[in-house]
Amino acid sequence: MTLFSPIAHGYWRLLDWHLRPNEIQNLILKGLDLGISTLDHADIYGDYQGEAAFGQGFKRLPPSTRSQVQLVTKCGIHLISSSAPARKVKHYDYRAAHIIQSVDNSLERLGTDYLDALLLHRPSPLLQPQEVAEAFEQLYQAGKVRGFGLSNFSPSQWDVVQRYWHQPLWTQQVEISPLQTDYLFNGGQDHALAHAYSPMAWSPLGGGRLFQPKTPQEQRVFGAFQTLSQECGIPIDTLAYAWLRALPSKPIILVGSGKVERLKAATEALSFTFPYEAWFHILEASRGHAVA
Ligand SMILES: NC(=O)c1ccc[n+]([C@@H]2O[C@H](COP(=O)([O-])OP(=O)(O)OC[C@H]3O[C@@H](n4cnc5c(N)ncnc54)[C@H](OP(=O)(O)O)[C@@H]3O)[C@@H](O)[C@H]2O)c1
């Protein structure tokens, strides 16, 4: 789906950035200047406070900005939270009423009247695909959501939802990084290529662990990137993003930093071609062994 920008901005950690509404507004604009127009949220981010904090900044922008960004959010996880004191058990909910209510809540908090994409956050054993498709249809017909996708679903779980939803699912968020390569070997990338969609790579720097290596794997990967960085004169984060973008499924990178210079480092990965053999050197460092 070409709707999304190749580098997207993830707002999971927004409350940790301690930004005032005018600073959030500036961050959105700086991102747009860099070509980062896809902005990722979830109802649960910041213990249900993240979308509203973003909305405080987003609402300050002129209405014309709305068509320049793609707002993505997710639904389906019920956290144990002070905002839901009666809840005793963390669980998932993909009943139609919850999906629809969750979208209404997200629209209100984000300060918009439509979402570009709604993703189901995690697969649930109780997910009824026909009921999900009916909820999608209602939201689509009401103009509240333009397209739908998934997150953390297996290829076969994707196929089940797609069997009932009559439009193509747009994307799937998957954890992919130089520290987490399962997607390359568990059929995830094959599925994306076969169905012609790009995944969104979450925690592309391992949630920052790439820069604070503790485990043997983290130390090997960091060391390999450090050497390459010195050889090419390219910062490690740019190299890590370029390593992901070298994949044929062309993952959309969900950058998790609130710092403009780090957003810029991500966009620079788009014009860097990762050296072919060195790509396998990083893979080897990650897995701890050469390919067979
Ligand atoms: N669908 C899902 O289940 C799911 C799950 C997790 C995340 N996500 C999405 O993916 C997005 C990204 O995830 P993430 O935040 O874990 O991504 P990440 O980019 O792997 O990790 C972000 C962390 O890395 C640090 N970092 C970034 N660049 C750095 C550098 N050059 N040097 C040192 N530290 C650096 C950041 O610190 P600074 O803030 O200091 O830059 C931040 O703490 C989230 O915002 C969310 O939208 C989705």
| field | Of residues in segment 208-233 being closer than 29 Å to Leu19 by Cα and of a type in the set (A, V, I, L, M, F, W, C), the one farthest from the ligand (Cβ to nearest atom) | value | Leu210
| remark: Scanning segment 134-167 residue by residue, those over 17 Å from Ile100 (Cα atoms) and among the charged types (D, E, K, R) turn out to be Asp159, Arg163
| said: For segment 57-93, which positions are of a type in the set (D, E, K, R), within 20 Å of the chain's Cα centre (by Cα) and closer than 15 Å to Asn26 by Cα? | reply: Arg66
| said: Of everything in segment 1-56, what is within 13 Å of the chain's Cα centre (by Cα), near the ligand (Cβ under 10 Å from one of its atoms), of a type in the set (A, V, I, L, M, F, W, C) and crowded, with 21+ Cβ neighbours inside 10 Å? Give them in sequence order. | reply: Ala8, Leu39, Ala42
| message | One residue is enough: does segment 247-262 have a residue meeting the conditions of a type in the set (Lys, Arg), in a loop (DSSP other than H, G, I, E, B), modelled with pLDDT of 95 or more and farther than 23 Å from Leu119 by Cβ? | response | yes
| task | Kindly state which helices (runs of 4 or more DSSP H) lie completely within segment 11-98 and contain at least 3 residues that are in contact with a helix residue (DSSP H, G or I) (Cβ under 6 Å, 6 or more places away or on another chain). | result | 21-33, 50-58
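The values are calculated or read from the model by the stated rules, or taken from the named source; none is laboratory data. These numbers come from a predicted model, not from an experiment. We place every Cβ from the backbone using ideal geometry, glycine too, and count neighbours over all the protein chains shown.
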